[in-house]
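Here the structure comes first, spelled out in structure tokens, and everything after it is commentary.
The values are calculated or read from the model by the stated rules, or taken from the named source; none is laboratory data. Keep in mind that what you see is a predicted model, and the values were worked out from it rather than measured. Positions of Cβ are generated from backbone atoms using ideal geometry, with glycine treated the same way; all protein chains shown enter the neighbour counts.
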Amino acid sequence: MHPTIQRMQDIIAKGDDAAIATILAEKVEFLPPTYWKTWTGRDAVAAVLGHVGHIFSDFHYRRIIGDGLDWAMEFQCKIGDLDAVGVDLITLDSDGMIAKFEVVMRPHKSIGALRDAMNARVMTDPRFLKFKSALN
């Protein structure tokens, strides 16, 4: 298994955006499951993923499939009292950093709960004022 994918398993659910930033490429693209916009850049993506780590509970990867630069990591978690499953689709760059991170999830009700919880968290996080243009 690629060392970045191994580190991702260890840090992604902890909500530590500084640790998450260490595995992201400078111009990483993040495609969330909650809306059709793309977050771009290490600081913004690390901040988003840090918040997600505080919203998800009982998070664990069930299966990891991949080789080289392309990986699919199936996960299971809870969002409040709702169950959710999803897949992190990861593309690494030539330096082994995460260049593209796309998340697909189900069911719809859990995704709505994630969207609501994320909106509540980012509205109280002053860092997101500088990232606000990414939401538009």
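Details
- Filter result for Ala18 (crowded, with 18+ Cβ neighbours inside 10 Å, at pLDDT 90 or above and within 14 Å of the chain's Cα centre (by Cα)): no
- Check on Thr40, on the phi < 0 side of the Ramachandran plot and in contact with a Lys or Arg (Cβ under 7 Å, 6 or more places away or on another chain): yes
- In region 22-51, the residues that are in a strand (DSSP E or B) form Cβ pairs under 7 Å with partners that are hydroxyl-bearing (Ser, Thr, Tyr), at six or more places apart or across chains, as follows: Lys27/Thr40; Glu29/Thr38; Glu29/Thr40; Phe30/Thr38; Leu31/Thr38.
- In region 52-68, the residues that are surrounded by fewer than 16 Cβ atoms within 10 Å (Cβ to Cβ) and either in a loop (DSSP other than H, G, I, E, B) or β-branched (Val, Ile, Thr) (or both): Ile65, Gly68
Conditions tested, residue by residue: (1) more than 20 Å from Val48 (Cα to Cα); (2) of a type in the set (Gly, Ala, Ser).
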position: Arg63; (1), (2): yes, no
position: Met73; (1), (2): no, no
position: Asp88; (1), (2): no, no
position: Ser94; (1), (2): yes, yes
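- Tally, over region 1-21, of residues that are farther than 21 Å from Gln76 by Cβ and either touching a strand residue (DSSP E or B) at 6+ places or on another chain (Cβ under 8 Å) or part of a strand (DSSP E or B) (or both): 2
- One residue stands out among those in region 86-111 that are without any contact (Cβ under 8 Å) to a residue 60 or more places away in the chain and exposed (fewer than 14 other Cβ atoms within 10 Å of the Cβ): the one that is nearest to Arg62 (Cα to Cα), which is Arg106.
- Flag for Thr22 being β-branched (Val, Ile, Thr), touching a Phe, Trp or Tyr at 6+ places or on another chain (Cβ under 9 Å) and within 20 Å of Gly96 (Cβ to Cβ): no
- Checking each residue in region 112-126 for being free of Cβ contacts under 8 Å to residues at least 24 places away in the same chain and over 18 Å from Lys78 (Cβ atoms) picks out Asn119, Met123, Thr124, Pro126.
- Residues of region 94-119 classified as at pLDDT below 85 and of a type in the set (A, V, I, L, M), total: 1
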